[in-house]
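Presented below is the structure to which this report refers.
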Amino acid sequence: MSSFFRIHLLYAAVVAIVFARSTTLQAQSVQATETKTATIIGTVTDVNGDTVPGATVVLKNPEQDGQTVVTAENGSFEFHDVKPGVPYQISISANQFADWTSPTITLEPGQFKIVTGIRLTIEVEHTTVDVHYDPVEVATEQIKNEEKQRVFGVIPNYYVSYEKDPAPLTAKMKFGLALKVATDPVTAAGVLVVSAARQAGNSPKYGQGWGPYGERVGATATDGFTDIMIGGAILPSLLHQDPRYFYQGTGTTGSRIRHAVFSPFISRSDNGRWGPNYSSLGGDLASSALSNVYYPRSNRGPGLVFGNFAIGTAERIGASLAQEFLIGKFTKRGGHMK
């Protein structure tokens with residue numbers, strides 16, 4: 001083998017060794033670059049710029065479970081060994097603050113990323129209000145106000161509703177309202193006055209003197225009690241009708257007159273519908289019929305029944321007209337004059 005050939009062979013071997021070594025180093029360099037991880041740091045503050053210690057910071061990515069850290073006393077946090085080339089999001093939560101989420105972050109190998117602009121806002125308080133309509137509760141409050149209604153602050157005016165949308169009364173409320181009217185001291189005083197007027201007219205025909213006056217007091221009180229209990233409590237409870245007068249107060253004069261005049265004949269039912277006022281008419285008729293039991297024999301008979309019924313109905317019409325145009329102006333409602 002010539003010396004020239006040996007020199008070329010030696011040169012080729014050296015070149016091959018150098019090339020192999022260079023390739024190995026290059027591969028190692030590329031591998032080292034590709035596996036080099038990144039770091040993320042940041043500081044959590046509130047909108048006033050004060051740091052928020054103890055906040056929970058989660059680094060999320062779609063390929064693996066999130067990493068979680070808690071901010072230090074100065075509000076700072078750090079994530080090391082973060083895989084580059086992967087989209088991440090940082091979510092932060094803290095007591096009494098609204099949650100915060102970062103935009104998507106994708107890191108370069110070896111990158112040192114500082115996340116800025118982390119400002120936690122005060123959590124908005126969500127208050128749930130459970131609104132429900134309980135007709136019994138509403139009616140209870142309304143009836144309490146009605147039981148304070150007095151003309152000139154003296155004469156009871158309980159059987160008038162000034163509400164625009166009154167709740168129906170329960171049977172217990174109807175009986176309670178009737179008893180309250182029947183036992184009111186002003187009602188008792190009215191019985192004495194009416195009995196005195198009847199004494200002057202000798203009606204019913206009990207005669208004159210304190211004994212007949214006492215009989216008239218008893219008859220007048222019984223008339224009123226049976227009328228209010230039957231027409232204001234018993235029949236309204238059985239027939240589901242409302243015994244009150246519902247003040248209109250608005251509209252034309254003609255419409256208000258019609259409303260008042262027809263009130264003894266038309267009643268509002270507990271379901272809000274209007275229909276024949278069987279309770280009021282039935283109460284007047286039943287009370288008139290019962291008077292045959294205790295009135296003098298000379299006054300008894302169909303004439304007494306239908307005469308008292310007609311008088312009672314006429315009185316209701318007059319009272320309704322007075323309620324609509326006059327009494328309401330002088331009635332204290334809830335302790336105050338309207």
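The helices (runs of 4 or more DSSP H) located wholly in region 251-338 that include 2 or more residues which are under 30 Å from GLU215 (Cα atoms) and touching a Ser or Thr at 6+ places or on another chain (Cβ under 6 Å) occupy 278-294, 302-325. Contact annotation: residue pairs with Cβ atoms under 6 Å, 6 or more positions apart or on different chains, pairing a residue in region 252-279 that is more than 18 Å from ASP227 (Cα to Cα) with a partner that is of a type in the set (Asp, Glu), are ARG256/GLU324; ALA260/GLU324; ARG268/ASP242. Would you tally the residues in region 185-209 being of a type outside the set (D, E, K, R) and closer than 18 Å to GLU315 by Cα? Residues meeting the conditions: 8.
Residues that are over 26 Å from ALA171 (Cβ atoms) and open to solvent by 70 Å² or more (accessible area, probe 1.4 Å) do occur in region 309-317. Of all residues in region 189-203, those satisfying the criterion of being surrounded by 13 or more Cβ atoms within 10 Å (Cβ to Cβ) and of a type outside the set (Ser, Thr, Tyr) are GLY190, VAL191, LEU192, VAL194, ALA196, ARG198, GLN199. Taken over region 41-99, the criterion of being of a type outside the set (A, V, I, L, M), at negative phi and not in a strand (DSSP E or B) is satisfied by ASN48, ASP50, PRO53, PRO62, GLU63, THR71, GLU73, ASN74, LYS83, PRO84, ASN95, ASP99. Restricted to region 204-236, and to residues there that are assigned to a loop (DSSP other than H, G, I, E, B) and free of Cβ contacts under 8 Å to residues at least 24 places away in the same chain, the residue that is surrounded by the most Cβ atoms within 10 Å (Cβ to Cβ) is GLY207.
Restricting to region 238-251, and then to whatever is at pLDDT 95 or above and more than 28 Å from the chain's Cα centre (by Cα), can you tell me which residue is least open to solvent (accessible area, probe 1.4 Å)? Of everything passing the filter in region 238-251, LEU239 is least open to solvent (accessible area, probe 1.4 Å).
The values are calculated or read from the model by the stated rules, or taken from the named source; none is laboratory data. Computed from a prediction, not measured in an experiment: that's the story for all the values here. In this analysis, Cβ positions are derived from the backbone assuming ideal geometry, glycine residues included, and neighbour counts consider all displayed protein chains. Just so you know, the surface numbers come from the protein's heavy atoms only, side chains and all, with ligands and any DNA or RNA stripped out. Shrake-Rupley method; radii C 1.70, N 1.55, O 1.52, S 1.80 Å.
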